[in-house]
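Where a number appears in this text, it was derived from the coordinates with a stated rule and is not lab data. This is a predicted model, so every value here is computed, not measured. Glycine gets a Cβ as well: all are built from the backbone with ideal geometry, and neighbour counts include every protein chain shown.
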Amino acid sequence: MNLKKINPNLQQALIESGLTEANPMQLDTFSTLKSGADCVIISPEKTGKSTTIVLNVIQQLVAEGEESPRALIIVEDKTKVLEMETVFEELGKYTNLRVYGVHDKSDLEYDKNYISTGIDVLIGTPNRLNEMFSTAGYNVNRLKMFILDDAEPILRLRHETKIMRISNSINKTQRLIFADQLSERVEILAEKMLTEPYWFEMEDDEETEN
């Protein structure tokens, strides 16, 4: 994939997955995301937002790290958790990153125990993550990335309070919001949660399905 200074192992996994060319969103956002700045990225459905999230998380975390999660990704439901895990499995196969997903139907005690053994990336639904962070007291001081994927349907379900509760428990991290469309809900959340964010809004005819 034609992205500047991309990790070679990630590049190899992308090529093997047939992703040899970055789409406009990935080209426009890669350097800014790599810089650690807060961002809001608006791009239509099926334009590669999940791939963009995963490749940027892998790029920044590179390899296995501390016991505490270094990237936290909030998704809508169990299906989205499993889909995101699959993308990490495919693009992260040449790394030692430990990725784990939780959702409303997973076993809470098992999830807590597993995470305590050490993971790098935690993917989860707002309900389960809020429950876990409220009761388990995870160390979030090493968290580098806090990401909200497909923000609009999550906010329509009125999960803003849970998202803000988790965000407020984290002092310094990169916060990213991805959404299909720019709505008032997304704008309000960005104003509350992000610090001087960069805004990217892609048009339908600018995208490819990477």
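Please list 36-45, 117-126 highest first by mean number of surrounding beta-carbon atoms within 10 Å per residue.
Descending mean neighbour count gives 117-126, 36-45.
Across the range 38-50, coupling constants 3J(HN,Hα) worked out from phi with the 6.51/-1.76/1.60 Karplus curve, θ = phi - 60°, read 5, 9, 10, 10, 9, 8, x, 4, 6, 10, x, 5, 5 Hz, and Gly and Pro carry x.
If each residue of separation counts as 0.36 nm, what is the full-extension length gain between Gln181 and Glu201 once their alpha-carbon separation is subtracted?
Values: separation 20, 0.36 × 20 = 7.20 nm, distance 0.85 nm.
Gain on stretching Gln181 to Glu201: 6.4 nm.
Database remark: amide H of Ile123 closer than 5 angstrom to the amide H of Ile73, Tyr100, Gly101, Val102 (H placed geometrically; neighbours at sequence offset of 5 or more, or on other chains; Pro and chain starts carry no H). Look at the Cα gyration tensor of the chain: its axes a ≥ b ≥ c give a/c of at least 1.5 with a/b at or below b/c, and that counts as oblate. Taking a ≥ b ≥ c as the square roots of the eigenvalues of the alpha carbon gyration tensor, the range 1-67 is oblate, as a/c is not under 1.5 and a/b does not beat b/c.
The separation of the range 104-143 from the range 1-40, counted between C-alpha centres, amounts to 28 Å. Its DSSP H runs of at least 4 residues, each contributing -39,500 (n - 2.57), put the calculated 222 nm mean residue ellipticity of the chain at -13000 deg cm²/dmol, to the nearest 500. Kindly identify the range 38-154 as rounded, prolate or oblate by the Cα gyration tensor criterion: order the square roots of the eigenvalues as a ≥ b ≥ c, call it rounded if a/c is under 1.5, otherwise compare a/b with b/c, prolate if a/b is larger, else oblate. Judged from the Cα gyration tensor, the range 38-154 comes out oblate (a/c at least 1.5, b/c at or above a/b).
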